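Everything on this sheet refers to the single structure shown next.
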Amino acid sequence: MRAAFIEELGPAENIRYGDVAPPAPGPTDVLVEVEAVSVNPVDTFVRSGLFRTPVEFPFVIGRDLVGTVVAAGPGAPGFAPGDRVWCNSLGHGGRQGSAAELAVVPVDRLYRLPAAVDAAEAVAVVHPAGTAYLALFTHGRIRPGETVLVAGAAGNVGSALIVMAVEAGARVIATASARDAGHCLELGAEAVFDYKDPDLDDRIREFSPGGVDVHIDTSGTNDLAGAVALLAPRGRIVLLAGARSQPVLPAGPLYMKDGSVVGFVISHATSAELAEAAGAINRLLANGRLRARSIERVPLSDAARTHRRIEDGELHGSRVVLLPKES
């Protein structure tokens with residue numbers, strides 16, 4: 001079968017497109033014919049070796065897929081040939097990736113795709129939305145009526161954070177570039193402030209004088225001093241990006257507010273946590289609330305170029321979807 005794969009960790013130029021042996025499903029696996037694959041920053045971390053995880057070479061890259069069930073093992077009840085499905089957790093932890101004509105998915109990491117949802121539209125959002133769900137609910141413990149500050153709100157994860165927080169009954173303060181303010185407001189943010197504004201913190205305090213209950217910076221800047229200053233009593237800072245960042249934590253002000261800082265990597269999420277997130281994602285896919293801002297559909301053979309574009313910062317608010325059948 002045709003696939004995008006690497007034979008050693010390293011730069012995007014290591015990605016090859018060609019023939020590899022088709023995967024052999026085990027008794028608790030499902031064999032899926034892949035329709036669409038999205039490309040995430042975390043895929044570049046795995047490929048480069050920044051995020052260390054067990055891989056077996058040749059290693060098929062990619063984490064997310066939408067496809068159709070070809071066969072299900074005896075220990076994979078609930079799935080039958082022809083079912084349309086999705087997954088957002090391949091390509092790490094010893095699992096081969098999704099960027100191929102066929103993929104094997106463990107049954108506890110596979111979810112049904114809601115009827116009439118486009119494959120590319122779905123695969124473009126399942127990873128950012130999964131990250132957003134874990135940030136808000138699993139780790140941020142958001143509750144109705146609370147205030148969430150989303151920094152970098154116009155990006156893929158930021159957009160999903162706004163949608164999910166609003167649906168949960170929270171009020172959202174977004175920071176983004178001035179050109180993205182309208183997008184954030186359309187998603188449901190109550191206020192959007194320019195992240196370049198020198199008086200940004202003062203504007204946030206004016207809008208929410210009691211502080212923010214959950215602070216999430218999708219950009220990975222992780223200015224903990226600024227975040228702690230904006231927290232409400234018992235506020236939570238959730239870290240989900242910025243693998244190389246080393247900010248200074250103002251511990252005294254944090255504990256005087258009964259505040260907390262928690263970080264997470266979606267790759268470490270349990271199958272139960274991912275399944276809970278999948279339920280929310282499917283609900284939002286079905287009602288049309290969860291959509292990528294912009295999607296670029298390209299052949300699977302464009303995988304290496306797409307990785308380079310992500311690392312060069314070329315894909316602001318846009319998602320690239322690889323299509324195996326167009327390669």
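The values are calculated or read from the model by the stated rules, or taken from the named source; none is laboratory data. Please read these numbers as outputs of a predicted model, since none were measured by experiment. Neighbour counts run over all protein chains shown; Cβ positions are idealised from the backbone, glycine included. Please note that ligands, DNA and RNA were not included when accessible areas were found on the heavy atoms of the full protein model with its side chains. Shrake-Rupley method; radii C 1.70, N 1.55, O 1.52, S 1.80 Å.
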Determine which member of the set Thr175, Thr147 is more than 18 Å from Gly288 (Cβ to Cβ), of a type in the set (S, T, N, Q) and within 21 Å of the chain's Cα centre (by Cα).
-> Thr175
Tell me, please, whether a residue that is surrounded by fewer than 19 Cβ atoms within 10 Å (Cβ to Cβ), at pLDDT 95 or above and assigned to a helix (DSSP H, G or I) can be found in segment 162-171.
-> yes
Does segment 208-224 include one or more residues that are modelled with pLDDT under 95, of a type in the set (A, V, I, L, M) and over 15 Å from Ala160 (Cβ atoms)?
-> yes
Per the filter on segment 63-82, residues within 27 Å of Ile295 (Cα to Cα), open to solvent by less than 10 Å² (accessible area, probe 1.4 Å) and either assigned to a loop (DSSP other than H, G, I, E, B) or among the hydroxyl-bearing types (Ser, Thr, Tyr) (or both) are Arg63, Asp64
Mind checking whether some residue in segment 127-142 is among the aromatic types (Phe, Trp, Tyr), in a strand (DSSP E or B) and within 18 Å of the chain's Cα centre (by Cα)?
-> no
Return yes or no: is Val39 of a type outside the set (Lys, Arg), over 30 Å from Gly169 (Cβ atoms), touching a residue at least 40 places away in the same chain (Cβ under 8 Å) and open to solvent by less than 30 Å² (accessible area, probe 1.4 Å)?
-> yes
Would you check if Leu31 is of a type in the set (A, V, I, L, M, F, W, C), within 20 Å of Ala120 (Cα to Cα) and in contact with a Cys (Cβ under 8 Å, 6 or more places away or on another chain)?
-> no
Which one is nearest to Asp29 (Cα to Cα) among residues in segment 96-111 that are under 18 Å from the mean Cα position of the chain (by Cα) and surrounded by fewer than 23 Cβ atoms within 10 Å (Cβ to Cβ)?
-> Arg109
Close pairs from segment 95-124: first farther than 25 Å from Arg47 by Cβ, partner among the aromatic types (Phe, Trp, Tyr) and open to solvent by 20 Å² or more (accessible area, probe 1.4 Å), Cβ under 8 Å, at least 6 apart = Val107/Phe79
